[in-house]
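The values are calculated or read from the model by the stated rules, or taken from the named source; none is laboratory data. Predicted model, so just to flag it, every value in this text is computed and none were measured. Reconstructed Cβ throughout: ideal geometry from the backbone, glycine too, with neighbour counts over all protein chains shown. Only protein heavy atoms, including side chains, enter the accessible area calculation; ligands, DNA and RNA are left aside. Shrake-Rupley method; radii C 1.70, N 1.55, O 1.52, S 1.80 Å.
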Amino acid sequence: MRVAFGRFTFDSNTRELLDGGTRQHLSPKAFDLLRVLLERRPAVVSKQDLHDQVWQDVFVSEASLSVVVAEIRQVLRDDSKQARYVRTVHRIGYAFAGEVQDLSSSRAPTPSAGCRPCWLVREGRSVTLAAGENLVGRDPRCAVWVDASGVSRRHARIDVGDDTATIVDLDSSNGTFVAGERLTQVRRLADGDLIELGAATMIFRAWSDEHALGTERIVRPTC
């Protein structure tokens with residue numbers, strides 16, 4: 001399993017948790033517990049089930065589970081009272097609450113029949129946006145690779161729907177700005193919106209049959 005959430009990338013095959021491109025240390029038990037929560041998301045995993053999955057036949061106290069959950073939260077910089085990732089379900093267990101992107105498949109999302117074409121224009125070059133999620137950042141694996149100063153590895157995400165497109169900042173270091181305003185929540189994009197990520201600027205474009213200009217007729221001089 002290889003997934004991404006927020007600024008983090010979790011890979012169960014290499015047993016790595018990356019914050020951007022920096023490897024984060026998790027104890028073996030903490031890594032296994034996080035793996036179970038991610039695999040079972042968004043379902044609540046009971047304390048007993050977590051004990052059976054992580055510690056198997058070894059008897060441990062309930063306090064051990066709490067210690068491991070606290071370790072995960074510390075690494076993810078999560079708050080137990082306002083959890084973004086690991087949610088406590090009192091007297092029952094825990095659940096992974098964050099939005100997760102599956103990176104295991106390299107297949108691009110299939111555009112839906114009614115999805116209007118959208119693209120980004122940067123430095124005279126256009127990048128077509130696929131239907132669904134489009135990660136934007138300095139990581140070459142992002143759908144929109146932006147190799148510029150101040151851009152985080154997973155900086156923002158643009159979601160293209162049938163008739164709308166939205167953008168959200170992914171806890172980037174320098175923020176995402178649309179039309180000069182810093183994003184604090186999901187924002188709907190309009191054709192021509194200026195998007196700023198660190199030192200990079202780009203323009204969002206969306207095709208509209210209704211507002212498309214007609215083809216200009218070129219009159220060639222006759223000899």
Run the 1.4 Å probe and let me know the accessible area of Asp102, rounded to the nearest 10 Å². 90
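Give the carbon-plus-sulfur fraction of the accessible surface of the chain in %, rounded to a whole number; probe 1.4 Å, heavy atoms of protein chains only. Provide the component values of the computation, followed by the final result.
Working: 6360 of 13340 Å².
Carbon-and-sulfur percentage of accessible area, whole number: 48.
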Full-extension gain in nm, Ala179 to Thr164, via 0.36 nm per residue minus C-alpha separation: 3.7 nm
With the 1.4 Å probe rolled over protein heavy atoms, the chain has an accessible area per residue in Å² of 60
To the nearest 10 degrees, the tilt of helix 62-76 (Cα long axis) against the first principal axis of the alpha carbons of the chain is 30
Pick out, from Gln53, Ala131, Ala95, the residue whose Cα sits farthest towards the positive end of the charge dipole of the chain, with +1 on the Cβ of Lys and Arg and -1 on the Cβ of Asp and Glu. Gln53
In debye, nearest 20, what is the charge dipole magnitude of the chain about its Cα centre with +1 on Lys and Arg Cβ and -1 on Asp and Glu Cβ, if you could check? 240
Accessible heavy-atom area order of Ser46, Ser152, highest first, probe of 1.4 Å: Ser46, Ser152
